[in-house]
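One structure is given below, encoded as structure tokens.
The values are calculated or read from the model by the stated rules, or taken from the named source; none is laboratory data. Since the structure is predicted, the reported quantities are computational estimates derived from the model, not experimental observations. Every residue, glycine as well, gets a Cβ built from its backbone with ideal geometry; the counts of neighbours run over all protein chains shown.
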Amino acid sequence: MADTLTSPTALCPSWSWQDAAPAAAPGERLLPEEVPVALTYGRATQAVMMATPADLEDFAIGFSLTEGLVASPDDILELEIRPGPRGIELRMELEESRQAALAERRRFMAGPVGCGLCGLDSLEATLRPLPAVPAGPRLPASAVAAALDAMAGRQALHRATQGAHAAGFWHPARGLLALREDVGRHNALDKLVGAIRRQGLDPAEGAVVMTSRVSVELVQKTALLGAAILVAVSAPTALAVRSAEACGLTLVARARAPRFEVFCHAHRLVADDGAGGR
């Protein structure tokens, strides 16, 4: 079996059953890996997330940005990835004022895959005010299906394992510019945020595309990134819709070609004949 601390996948034994077969057939299945990933700042642990051990530098930067711990990747003076016997530490040193601010709002989060709010120190913190998103692009309706098609062709981890979420950044003129995968949808989006900022892309020029349902945390992270459109293949929660409405984010969900639904701020969706959405 592969080294689970550095490999995003592991080959595991399995037994396949079929109705007509007299017995189970032994075999193997490639599965996505998850390991504890500790995000530490100044040697103090801020969060422990279960994540796929890939694109961890993007994860560290994206998490730091979407959690409001830094305003820019430049606030992270040092970043070291340190595998250990029980997990991986993403060890960061912050600019002095950021480190001091973090000490004032210290919290610890530890949770399973898919948990994005574990350990928040108050109920109010879960519904933090979001900045108004920028004007953003006008997205042709056909671009929703085009983005999903492009995503499918780039999801190497999911194609190999059938067990990973993806987050992508779609530009109306340039296509799919970045994609990141993880067993956790929040982690995939944090990795994408890190990739966008590291590549110097302007999030206001495109749309975030997710292969998951839309929880409020995904709306929060997209708004804090500075993107104006979020597209997802599954349904949003009612709270996610209210949060998107409040910050001006266009929320497209249940996007499975050839159909999709727009839940708020539909003016950014443009019919392919040039007519705008209502």
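Couple of notes before you dig in:
- Residue match in the stretch 143-154 (condition: in a loop (DSSP other than H, G, I, E, B) and surrounded by 15 or more Cβ atoms within 10 Å (Cβ to Cβ)): no
- Matching residues in the stretch 234-247 - criterion: being crowded, with 21+ Cβ neighbours inside 10 Å and within 20 Å of A141 (Cβ to Cβ): P236, A244
- The stretch 67-82, subset surrounded by 15 or more Cβ atoms within 10 Å (Cβ to Cβ) and touching a residue at least 24 places away in the same chain (Cβ under 8 Å), residue farthest from the chain's Cα centre (by Cα): I81
- Filter result for G248 (touching a residue at least 60 places away in the same chain (Cβ under 8 Å), farther than 20 Å from V70 by Cβ and over 19 Å from the mean Cα position of the chain (by Cα)): yes
Rundown of residues vs (1) of a type outside the set (K, R); (2) crowded, with 24+ Cβ neighbours inside 10 Å, yes/no style:
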| site | (1), (2) |
| --- | --- |
| H165 | yes, yes |
| H171 | yes, no |
| R180 | no, yes |
| A204 | yes, no |
| V208 | yes, yes |
| L224 | yes, no |
| V231 | yes, yes |
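- Subset of the stretch 187-202 that is over 24 Å from G163 (Cα atoms) and touching a strand residue (DSSP E or B) at 6+ places or on another chain (Cβ under 7 Å) - its residue that is surrounded by the most Cβ atoms within 10 Å (Cβ to Cβ): L201
- Of the residues in the stretch 248-265, at least one is surrounded by 24 or more Cβ atoms within 10 Å (Cβ to Cβ) and either among the hydroxyl-bearing types (S, T, Y) or within 27 Å of E33 (Cβ to Cβ) (or both).
- The listed residue being modelled with pLDDT under 95, within 17 Å of the chain's Cα centre (by Cα) and either within 21 Å of D182 (Cβ to Cβ) or of a type in the set (D, E, K, R) (or both), out of R259, R213: R213
- The single condition among (1) charged (D, E, K, R); (2) in contact with a Ser or Thr (Cβ under 6 Å, 6 or more places away or on another chain); (3) at pLDDT 95 or above that E181 does not meet is (2).
- Some residue of the stretch 58-75 being in contact with a Gly (Cβ under 6 Å, 6 or more places away or on another chain), at pLDDT 85 or above and of a type in the set (D, E, K, R): yes
- Tally, over the stretch 13-41, of residues that are in a loop (DSSP other than H, G, I, E, B) and touching a Cys at 6+ places or on another chain (Cβ under 8 Å): 0
- Strands (runs of 3 or more DSSP E) fully within the stretch 169-233 that include at least 1 residues being over 20 Å from A244 (Cα atoms): 175-182.
- Residue within the stretch 100-108 that is modelled with pLDDT of 95 or more and among the hydrophobic types (A, V, I, L, M, F, W, C) present: no
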